[in-house]
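Since the structure comes first, as structure tokens, the remarks are kept for the end.
The values are calculated or read from the model by the stated rules, or taken from the named source; none is laboratory data. Because the structure is predicted, anything quoted here is derived from the model rather than measured. When we count neighbours, we look across all protein chains shown, and the Cβ atoms used for this are built from the backbone with ideal geometry, even at glycine.
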Amino acid sequence: MIHPRPIPTEQRYFDDVEVGMQIPVREYGPHDLLTAVFWASVQENAGALHFDREYVRAHRGAKSIVASGQLRQSLLARTILDWAGPRGFLRAMTCRHTAQTYEGDMQCYSAVVAEKSADSAQPWIGFAFEGHNQDGDQLLRGRCTLLLPLRAWPVDRHVWETATP
């Protein structure tokens with residue numbers, strides 16, 4: 001099962017983020033049968049694509065079982081939220097899956113700040129993100145909106161209580 005190494009997290013603040021800033025690449029994997037079956041069961045997805053190697057080879061032409069899209073998006077969200085810190089909030093995400101992740105594949109996710117709200121009363125950050133496998137093939141791409149607190153805010157003020165686009 002995919003258990004990423006824990007990383008130390010610190011709180012990021014809206015005040016400190018600039019357009020062009022990059023989130024460090026985070027690597028997960030290799031994808032394995034246990035992870036595939038776990039995610040298929042969580043999603044109540046009985047599709048053999050996620051757990052039956054022989055079926056996918058014979059009937060789907062795939063080299064092995066594949067990772068679910070939700071698994072890949074959850075790893076991407078973890079990458080972004082670990083960087084943001086405990087008070088960060090992922091408001092929205094659009095994602096296009098461009099290739100499969102097969103058993104044995106590594107997954108690497110990264111993001112760059114593409115835009116930032118000009119109004120600190122609405123502290124949102126827009127990211128462009130990508131995921132690649134160990135061969136550099138793109139797995140997914142998209143955009144997301146992250147809310148971050150201001151340094152001046154009290155700890156008990158929640159970022160999701162602000163208006164965002």
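Some values worked out for this structure:
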quantity	calculated
The listed residue being at pLDDT 90 or above, under 17 Å from Thr145 (Cα atoms) and not basic (Lys, Arg), out of Gly104, Gly85	Gly85
Residue list for region 75-100, restricted to those being surrounded by fewer than 20 Cβ atoms within 10 Å (Cβ to Cβ), in contact with a helix residue (DSSP H, G or I) (Cβ under 9 Å, 6 or more places away or on another chain) and under 26 Å from Val155 (Cα atoms)	Arg87, Phe89, Leu90, Arg91, Met93
Pick from region 101-115, criterion touching a helix residue (DSSP H, G or I) at 6+ places or on another chain (Cβ under 8 Å) and not hydroxyl-bearing (Ser, Thr, Tyr), ranking: surrounded by the fewest Cβ atoms within 10 Å (Cβ to Cβ)	Glu103
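One line per residue, one yes/no per condition, for (1) at pLDDT below 95; (2) among the charged types (D, E, K, R); (3) more than 18 Å from Phe14 (Cβ to Cβ):
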| residue | (1), (2), (3) |
| --- | --- |
| Gln122 | yes, no, no |
| Phe129 | no, no, yes |
| His132 | no, no, yes |
| Gln138 | no, no, yes |
| Cys144 | no, no, no |
| Leu148 | no, no, no |
| Pro154 | yes, no, no |
| Arg157 | yes, yes, no |
| Pro165 | yes, no, no |
